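The block underneath contains the structure these notes are about, expressed in structure tokens.
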Amino acid sequence: MTGLNKGLRFIVLFLVCFTIAAYGWFILGGAQKEYIVAPTNSTYKIIDDSGQNGATTTTLNINKNSVLLECNIINKAKWPFCEIAVSLTDSIDNGIDLSSYHSVGLDIDYTSPLEGERVRVYLRNFDPVYANIADPISLKFNAIEYSPGMDQGLQIFPLRSFQVLSWWIAENNIPVDKSSRQFDNISIIEIATGSYIEEAPYGIKLNRLVFYGNWITESALVKLLLLL
């Protein structure tokens, strides 16, 4: 019996120490993960109002540290704009599952004639229930707008702050169960000029774009430790 009691005490002591170590590892950031979007793992291109008979002119410069979109907005199209479109994969129907990430970090410098003007950021999700490969607009618009300013550094936003655009829901007759934000198949990220712009030169410089998540959630870790 003495040997059995010693064995039980050893097991209990081991589990207690393992629980403390595992939870401490989580608290200290051991479970954190990052997904960095960069020219090495994605493709950048320009989208502007030329498809709407607009006259905006654009240039895109890509280097290892940043991506710079310069555009001269011409007030000809109904909704003049320009944007950086970042393709995360080669096919829009086979994107990246970002549902295990909780936040996105954006470091953008925005040059515009209006002080405090916002940029629009879209995380575009493909789901065969509503999306069509032949129609890029059919990909869900998970969107935020914010004012990046100049030299403000990395700003972090919870993914729960993104909202699905109401016009997209109405135009595509999206069912209620598919109308909320969705990040399980993101294939395109778009960074566009704001909703209210003037005829003038604009610049969007993307310095850093990174997603933050955890390999395991705190609740899942606690459940696992309780099972042990």
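A few notes on this one:
- Checked against a 24 Å cut-off, the cross-linked pairs 78/140; 178/205; 76/178; 64/140; 33/178; 78/178 give Cα-Cα distances beyond that limit for 178/205; 76/178; 64/140; 33/178; 78/178.
- Whether region 141-183 is rounded, prolate or oblate, judged on the alpha carbon gyration tensor where a/c under 1.5 counts as rounded: prolate
- Taking all protein chains together, 57, 40 sort by accessible area into 40, 57, largest first [probe 1.4 Å].
- In terms of Cα atoms, the Rg and Dmax of region 101-217 work out to 15.3, 48 Å.
- Rg and Dmax of region 86-142, Cα atoms only, in Å: 14.4, 41
- Ranking 227, 139 from most to least accessible surface, computed with a 1.4 Å probe over the protein chains only, gives 227, 139.
- Dipole size of region 126-217 about its Cα centre, with +1 on Lys/Arg Cβ and -1 on Asp/Glu Cβ: approximately 340 debye, rounded to the nearest 20.
- Cα gyration tensor category, rounded, prolate or oblate, for region 45-90 with a/c compared to 1.5: oblate
- Residue-normalised accessible area of region 103-172, given per residue in Å² at a 1.4 Å probe: 47 Å²
- Alpha carbon Rg of region 24-183, scaled by the compact-globule rule 2.2 N^0.38 Å: 1.13
- Estimated dipole of region 34-165 in Debye, rounded to 20 [Cβ of Lys and Arg +1, of Asp and Glu -1, Cα centre]: 200 debye
The values are calculated or read from the model by the stated rules, or taken from the named source; none is laboratory data. Everything quoted here is computed from the prediction, not taken from an experiment. Using ideal geometry, Cβ is built from the backbone for each residue, glycine included, and neighbour counts are taken over all protein chains shown. Note: accessible area is taken over every heavy atom of the protein model, side chains too, but ligands, DNA and RNA are not part of it. Shrake-Rupley method; radii C 1.70, N 1.55, O 1.52, S 1.80 Å.
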